[in-house]
Amino acid sequence: MLRTSRQVNHPLRSGTAVSVLKPGTFVAVLLVAWHIAVKFQRVPILPGPVAVGAALLELGQRGLLLKYVVASLFRVTWGFLGAALLGIPIGLSLGWYRRAELAFNPLLQILRPISPLAWIPIAILWFGVGDLTAVFLIFLASFLPLTVTAMNAVAGIPEVYVNVGRNFGLRRAQLIYTVLYPAVMPQLVIGLRITLGVAWLVVVAAEMIAVNSGLGFLIVDARNAGNRYDLVVAGMVMIGVIGLLLDVGIRSLERVPSINWGYSDD
Amino acid sequence: MTSAARPASAPTTQARAVKLRADGIGMVFERDGGGVSVLDDISLEVGEGEFVCLLGPSGCGKSTILNVMAGFIAPTSGQVRIDGEPVVGPDPRRIFVFQERGVFPWLTVEGNIGFGLSRLSPEDRQRRIAHYVALVGLQGFEKTYPRDLSGGMKQRVEVARALAVNPDMLFLDEPFGALDSITRLIMRGELLRIWEAERKTIIFVTHDIDEAVQLADRVVVMSARPAKVQRIVDIDIAHPRDISSARYLSLRDGILEAIGLAHKV
């Protein structure tokens, strides 16, 4: 890997104004195009940006916007956190004790292709209609990918790091904390980022069926209660914006110096 | 002791206490159902504070013998004793210096050098780190991460990390192999300087004949796989060594001859 040219590789990175202006202009152009296209539609296909903006304003005034966003984020936070707290240690142990990996891997591989949405009926059977069901579905969606990521990350640690740790007389707990854990962090952060994206997808679907609040519920409810497609699109826009913010937040981890050694420069 | 095929004429360094004693080390790796013999009945004594080079062609098994001595691999037969005790595993009193690959990329220079010092108080730890940062000439790079260091600097971090825990022995596995020839020469000088200051027992694996003759008190010439001790050569020249002196050249040619490469190319 060539490291030397890292500092000069991205001349635009320093110019924050430019890096915000460029996509900003692009979004503005798209909004205008959207507006014009909607003006010329003969049958209603999509509400225009003005109607969607008004719908967002209406939601805000009724206090629903904040309430639904908080409701969705609440479910994602607990489901995702629970999955991370349980899945990462389990994955690390499975990766460390190869025999355990051999035993559990078939089970993981069978469970993995099952969409978390397929669990909705069972989740409702267990937890009823409510927050707990949605949290459980997000937990399911996050747990397996995080476990598998952690497992593979441990298996990929160069043996020399472990040998250095043993040479300096580390006990098992110290070895895990000072070598294993930092060595897998770059892989883990990528896994967390992908998984958080999936969790955000799943919460919308779960809310359409299992609860009566949140952005997913907003979309289904707006359609059912009088075909308010402006509210539907407003909900979609909010989902997109918050998804983007979540991704930006977790990506900032990738720039931490004790983590970013694991990524190539481009 | 079976000091292998020591040439009778060479002056010996038997006066020192024995630090490490390898007795009939054999190593057979299982491969495709059959056994591949890598080490064959290797016996060797290394004195306290001695600098010994294991010299042999790539892939001859000299890294394997070093790993056995350091306790990372158990030999198929034979035993290694250090200070009279059998080696059963790696030990912080004896640090293995890998090529620069062993530097932890998630720690700064400071963090790496202080890695083995977690038992010290913060002040002592800081003092020790500062001492070894200065010893290997990395002042100003304390907070730098390895990805922003050159290969030679990373190598120095690893040597400093090893020395910081004050081990009695260092195992170095072709530590300068990945460096350019200028940096390699500088690093040899630094290693000798550190060795003269700290008087650790050093076992140094290399495939470079000049490197071995420049550094070592004794050069152990190994044969190709399975590795055997072919010959042990005492390098009776004081440091700093004049690498164009007649004695240096004759020792080097003697080793070339032992390997069967004299006056060819």
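Annotations
- Average other protein chain Cβ within 10 Å of Cβ, residues B:114-122: 2
- Descending by average beta-carbon neighbour count within 10 Å, the peptides A:55-65, A:240-250, A:82-92 line up as A:82-92, A:55-65, A:240-250, the highest first.
- Exposure proxy for A:Val203, A:Val184, A:Val189: other Cβ atoms within 10 Å of each Cβ, ordered fewest to most, give A:Val189, A:Val184, A:Val203.
- Between the helical axis of A:131-155 and the longest alpha-carbon principal axis of chain A there is an angle of about 40 degrees.
- Once the mean of 1/r is taken over each pair of separate Cα atoms and inverted, the protein assembly as shown shows a Kirkwood hydrodynamic radius of 28.0 Å.
- Peptide A:252-264, shielding by other chains (average Cβ, 10 Å cutoff): 3
- Counting, for every residue in B:86-99, the Cβ atoms of other protein chains within 10 Å of its Cβ and taking the mean gives 3.
- Shape of chain A, Cα gyration tensor, a/c cut at 1.5: oblate
- Nearest 10 degrees, 0 to 90: helix B:246-259 Cα axis against chain B principal axis: 70 degrees
- B:Phe204 long-range amide H proximity, modeled H, under 5 Å: B:Val52, B:Cys53, B:Leu54, B:Leu172
- The C-alpha atoms of chain A define a longest principal axis, and helix A:229-251 lies at about 20 degrees to it.
- Least to most buried among B:Asp83, A:Asp230 (fewest other Cβ within 10 Å first): B:Asp83, A:Asp230
- Here the Karplus curve 6.51 cos²θ - 1.76 cosθ + 1.60, taken at θ = phi - 60°, turns the phi angles of the range A:34-45 into couplings of 4, 4, 5, 4, 5, 4, 9, 6, 7, 9, x, 9 Hz, with x standing for Gly and Pro.
- Residue order for B:Phe176, B:Phe72, fewest other beta carbons within 10 angstrom first, comes to B:Phe72, B:Phe176.
- Both radii come from the Cα set of the range A:42-155: Rg as radius of gyration, Rh as Kirkwood radius; their ratio Rg/Rh reads 1.18.
Read-outs throughout are calculated quantities, based only on the coordinates presented, and are distinct from any laboratory measurement. Because the structure is predicted, anything quoted here is derived from the model rather than measured. Note: ideal-geometry Cβ built from the backbone for every residue, glycine included; neighbour counts use all protein chains shown.
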